[in-house]
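All remarks here apply to the structure that follows.
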Amino acid sequence: MENIIFKEKDGVMFITINRPKALNALNSSTIEELGQVISNVEKRKDIKTVIITGSGEKAFVAGADISEMHTLNAIEGRELARKAQKVFSKIEHMPQIVIAAVNGYALGGGCELSMACDIRVASERAIFGQPEVNLGILPGFAGTQRLPRLVGKGVAKELIFTTDMIDAKRAYEIGLANKVVAHELLIEESEKMARKIMTKGMFGVSLAKAAINDGMNMDTESAYKYEADMFGLCFATEDQKEGMEAFLNKRKANFKNF
Ligand code: DAK
């Protein structure tokens, strides 16, 4: 692949967006490649978590590639949007837990990519923002939907309308970043969080991801029913038996993830 580096280590897939000269801006081939990696990973039972980061010192992803985008016509714009939305939606719905390790600028489509991930760990150097209205467009990779769900409608509107860029501390305060860590420790801390999650019953973790993501798009009564179905499903697994037996026998659970 030209713009994506991926490597796996003991159940964690590390994915790096690798166009540092363009601050890792997402052009269509990068989106395509990211989609291919995600499609492969989502089928892998041995990969439990994914960490996505950007290469170089400055950026996670500085948005969609403006140099490619500026000549698009409406049909091509729709094509790009469909392609990216499909990839982002795959990230949101894949059974693995996805952590964005935000190492620098996460702007526009980059901020939207981080929000499609389950958790955002930010380096002290991370900068978040939705600058699309500076370009005469609006966030189009679901930023108008995911940002208000994460930080509330008022703050989301402020960030999108003013295009103000915010640092990691502010992102943490408003709930956009889950955690802020020293820049040098970003990958280590993200991996530590991934490995902590991986000690749990991953079947339950994956169903909780689905219940949260899908439930938030339902009315509450339907979401409660959906949660109850997911809860019930856990009782068909060895993990539920092992988890509860381990508790009752005062030992550590040894989950098999089924
Ligand atoms: N696209 C293309 N190239 C970019 C880029 C981007 N988004 N961001 C940076 N670069 C390139 C710069 O052009 C420059 O290239 P050279 O001049 O060296 O060839 C190189 O990366 C280094 O950038 P700077 O020289 O500007 O670096 P600085 O440190 O001075 O500034 C910056 C860093 C991040 C503040 C600045 O680069 C910047 O403002 N970048 C643009 C950020 C931005 O506006 N991002 C949002 C893009 S809009 C769609 C749905 C969604 C979207 C699109 C379509 N559909 C529904 C179809 C999403 C839109 C967006 O994400």
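The values are calculated or read from the model by the stated rules, or taken from the named source; none is laboratory data. Worth saying up front: this structure is predicted, and the values here are computed from it rather than measured. We place every Cβ from the backbone using ideal geometry, glycine too, and count neighbours over all the protein chains shown.
Would you mind stating whether E184 is within 14 Å of the chain's Cα centre (by Cα) and either surrounded by fewer than 19 Cβ atoms within 10 Å (Cβ to Cβ) or within 27 Å of K48 (Cα to Cα) (or both)?
Details: within 14 Å of the chain's Cα centre (by Cα): no; either surrounded by fewer than 19 Cβ atoms within 10 Å (Cβ to Cβ) or within 27 Å of K48 (Cα to Cα) (or both): yes.
So E184 does not fit the description; no.
Which condition from (1) near the ligand (Cβ under 9 Å from one of its atoms); (2) within 27 Å of A168 (Cβ to Cβ); (3) surrounded by 19 or more Cβ atoms within 10 Å (Cβ to Cβ) is the one that K58 breaks?
For K58, the failing item is (3).
Which condition number does V180 fail, the rest of (1) under 28 Å from L138 (Cα atoms); (2) of a type outside the set (F, W, Y); (3) part of a helix (DSSP H, G or I) being met?
Single failed check for V180: (3).
Could you look through region 100-130, keep only residues that are crowded, with 20+ Cβ neighbours inside 10 Å and assigned to a loop (DSSP other than H, G, I, E, B), and pick out the one that is nearest to the ligand (Cβ to nearest atom)?
G108
Mind checking which residues of region 12-55 are touching a helix residue (DSSP H, G or I) at 6+ places or on another chain (Cβ under 6 Å), in contact (Cβ under 8 Å) with a residue 60 or more places away in the chain and within 9 Å of the ligand (Cβ to nearest atom)?
L26
Which residues, counting only those in region 61-99, are within 12 Å of the chain's Cα centre (by Cα) and either within 12 Å of the ligand (Cβ to nearest atom) or within 19 Å of A22 (Cβ to Cβ) (or both)?
Listed by number, the residues that qualify are V87, F88.
Kindly indicate whether A168 is touching a Pro at 6+ places or on another chain (Cβ under 6 Å) and more than 13 Å from the ligand (Cβ to nearest atom). Please lay out each step first, then the result.
On the way: touching a Pro at 6+ places or on another chain (Cβ under 6 Å): no; more than 13 Å from the ligand (Cβ to nearest atom): yes.
Answer is no for this residue.
Looking only at region 191-215, count every residue that is buried (at least 19 other Cβ atoms within 10 Å of the Cβ) and acidic (D, E) and tell me the total.
The total comes to 1.
Counting just the residues of region 137-161 that are away from the ligand (no atom under 14 Å from the Cβ) and within 25 Å of G77 (Cβ to Cβ), which one comes out nearest to the chain's Cα centre (by Cα)?
Just the residues of region 137-161 that are away from the ligand (no atom under 14 Å from the Cβ), to begin with: 148-158, 161.
Remaining after also requiring within 25 Å of G77 (Cβ to Cβ): 148-149, 156-157, 161.
On the way: P148: 16, R149: 14, A156: 18, K157: 21, F161: 23 Å.
Ranking the candidates gives R149 first.
Looking at K209, K196, K256, K250, which one is on the phi > 0 side of the Ramachandran plot and either touching a residue at least 12 places away in the same chain (Cβ under 8 Å) or of a type outside the set (S, T, Y) (or both)?
Values: K209 fails: on the phi > 0 side of the Ramachandran plot; K196 fails: on the phi > 0 side of the Ramachandran plot; K256 fails: on the phi > 0 side of the Ramachandran plot.
Only one candidate passes the filter, namely K250.
Filtering region 208-235 down to residues that are part of a loop (DSSP other than H, G, I, E, B) and at pLDDT 95 or above, which residue is farthest from L150 (Cα to Cα)?
Step one: of region 208-235, the residues part of a loop (DSSP other than H, G, I, E, B) are 216-219, 235.
Those left that are additionally at pLDDT 95 or above: 218-219, 235.
On the way: M218: 16, D219: 18, F235: 31 Å.
This residue is F235.
Just to be sure, is T71 among the hydroxyl-bearing types (S, T, Y), in contact (Cβ under 8 Å) with a residue 12 or more places away in the chain and not in a helix (DSSP H, G or I)?
On the way: among the hydroxyl-bearing types (S, T, Y): yes; in contact (Cβ under 8 Å) with a residue 12 or more places away in the chain: no; not in a helix (DSSP H, G or I): yes.
Criteria not met by T71.
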